[in-house]
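Working notes for the structure below.
Nothing in this text is a laboratory measurement; each read-out follows from the coordinates by a stated rule. Remember, it's a predicted structure, so these values are computed and weren't measured experimentally. Ideal geometry is used to build each Cβ from the backbone, glycine not excepted, and the neighbour counts take in all protein chains shown.
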Amino acid sequence: LNKWNEIPLAPPDKILGISEAFVKDTNTKKINLGVGAYRDNNGRPIIFPAVKEAEKILYGLETEKEYTPIIGSKKYQNIVKNFIFNNSNKDPNGKKLIDEGRIVTSQTISGTGSLRVIADFLNRFYSSKKILVPKPTWANHVAVFNDAGLQPEFYNYYDKSANDLEFESLKSSLLSQPKESIVLLHACCHNPTGLDLTPEQQDEVLQIIQDKSFYPLVDMAYQGFASGDPYKDIGFIRKLNSLVVDGKINSYALCQSFAKNMGLYGERTGSISIITESADHSKAIESQLKKLIRPIYSSPPIHGSKIVEVIFDEQYQLLPKWLGDLDAVVGRLNTVRSKLYENLDKSSYNWDHLLKQRGMFVYTGLTSEQVIKLRNDYSVYATEDGRFSISGINDGNVEYLANAINEVIK
Ligand code: PMP
């Protein structure tokens, strides 16, 4: 029986809704701070120059568009393993785990696909369904985990009234959760707050993870956006590798994406890696990952992963170029962050939290009323949680934006 007429209308995606309203607005000074994708100083999207060169090389090289294996090519897997876990030959613990066959890596459909695959995997094989996520977190985390049959629950992370981490209540809320829960941690540039744990705070959380036998799931969507250097933004992974090598943690999983740091958004290029207890476990886990992925999308797309393969192939010398491209992107974001800060009225509002935040966003702490006023009175479009995408800000509009903010906080 056809029951299509009983299907209720789903709520629109909040960020896409903002973009639609932005497009309709005829104010020439309008600013879109909703989208989480990079724009240059002229407000335009870019292709990283190193990526463009890799594509030219690929154009000459490619002779087929055959399927890649279910979990991607061995070459791509090895690049990701060495780049992330061995920090390109700079992490002896990561190297040990790779050499011992204790890392299973699969190419995935970017970071979102990676999160979904690991969520399905944990739902199928892990002892607990409960997954603890920071409050706030990227909204899609909750949706992905729910849809995969896990049970997301928040742990305290950020105190919006103080515009700061609430570390004591973060710890107590984690400690109040049942043993063996899964805990999601952002590797760096926490979305949406831009505020990360200090290395010392990471150590304390890692101690709780050990004491409570939590399963660590790390999401790394902004590697390189904290410092400008992807090799520096990986301290948390190195800490985990060391704990695994010391036998203090058996296993963890990492979701990784090249969407932001290589600008490969629509190419959907990422990975899931599971650190295992032994090479034998790895074999079983890899076989189960294949069994899980095959009926969903069979195998991942190839263009983005081939770009990654070319960039990391020493004969083309593109790696330094890519690192330079990324550093320039992050440099612009930081310059704009400082310019915004300079132009904000600090006499009635403390804006110092802006300087502590890292990554693509400023988490302003503005109320939803203030965000709505910015939209209605100044054509400044942002999500109502007060998260502004720095990408939408440039030399041409930063003063207008600061001025608008100064008016709404009066
Ligand atoms: N995790 C976080 C925290 C993100 O912000 C994003 C992108 N907005 C992703 C994962 C996944 O992005 P993608 O699927 O484009 O790689």
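State, to one decimal in nm², a quarter of the convex hull surface area for the C-alpha atoms of the range 156-311, i.e. the direction-averaged projected area. Mind dumping the intermediate values first?
Values: hull surface 43.8 nm².
Projected over every direction and averaged, the Cα hull of the range 156-311 covers 11.0 nm².
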Restricting to Cα pairs below 8 Å that are 6+ residues apart, what does the relative contact order work out to for the range 259-410? Please round to a whole percent.
19
Give the cross-link partners of Lys129 among the aspartates and glutamates, using a straight C-alpha distance below 14 Å as the criterion and excluding same-chain residues fewer than 8 apart.
Asp120, Asp147, Glu153, Glu180
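How much net charge surrounds Asn146 when only the other residues with a Cβ under 15 Å from the Cβ of Asn146 are counted, with Lys and Arg +1 and Asp and Glu -1?
On the way: positive: Arg116, Lys129, Lys130; negative: Asp120, Asp147, Glu153.
Neighbourhood net charge equals 0.
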Tilt relative to the chain, helix 14-24 - C-alpha long axis, 0 to 90 degrees, to 10
50
Residue-wise, which Karplus ³J(HN,Hα) couplings in Hz belong to the range 300-315, taking 6.51 cos²θ - 1.76 cosθ + 1.60, θ = phi - 60°, and x for glycine or proline?
x, x, 10, 5, x, 5, 5, 4, 4, 4, 5, 4, 8, 7, 4, 5
Could you pull out every residue, at least 5 positions away or on a different chain, whose amide H is within less than 5 Å of the one on Gly224? Hs are placed 1.01 Å off N in the peptide plane, and Pro or chain starts have none.
Asp233
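Considering only Cα-Cα distances, which of the following residue pairs are longer than 19 Å: Lys56/Lys321; Lys160/Lys260; Lys90/Lys356; Lys373/Lys410; Lys75/Lys306? Walk me through the intermediate numbers first.
Values: Lys56/Lys321 15 Å; Lys160/Lys260 26 Å; Lys90/Lys356 27 Å; Lys373/Lys410 12 Å; Lys75/Lys306 9 Å.
Too far apart for the 19 Å limit: Lys160/Lys260; Lys90/Lys356.
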Using a Förster distance of 56 Å, the FRET efficiency for Asp25-Asn250 (Cβ separation, nearest 0.05)
0.60
Taking Glu267, Glu180 and counting other C-beta atoms within 10 Å, the order from fewest to most
Glu180, Glu267
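Can you tell me the FRET efficiency between Glu399 and Glu153 if r is taken as the Cβ-Cβ distance and R0 is 60 Å, rounded to the nearest 0.05?
Details: r = 42 Å, r/R0 = 0.71.
Step by step, r from the Cβ atoms, then E = 0.90.
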Virtual spin-label span in nm between Lys14 and Ala284, 7 Å along Cα→Cβ:
4.1
Which value in Å is the Kirkwood Rh of the range 15-158 over different Cα pairs?
19.5
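Return Tyr155, Tyr297, Tyr381, Tyr265 ranked ascending by Cβ neighbour count within 10 Å, so the fewest neighbours appear first. Don't jump to the answer; show the numbers that get you there.
Numbers: Tyr155 23, Tyr297 13, Tyr381 26, Tyr265 17.
Ordered from fewest to most neighbouring Cβ atoms within 10 Å, Tyr155, Tyr297, Tyr381, Tyr265 come out as Tyr297, Tyr265, Tyr155, Tyr381.
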On Cα atoms only, tilt of 319-343 relative to the major axis of the chain in degrees:
30
Please quote Rg/Rh for the chain to two decimal places, taking the Kirkwood radius as Rh and restricting both calculations to Cα atoms.
0.97
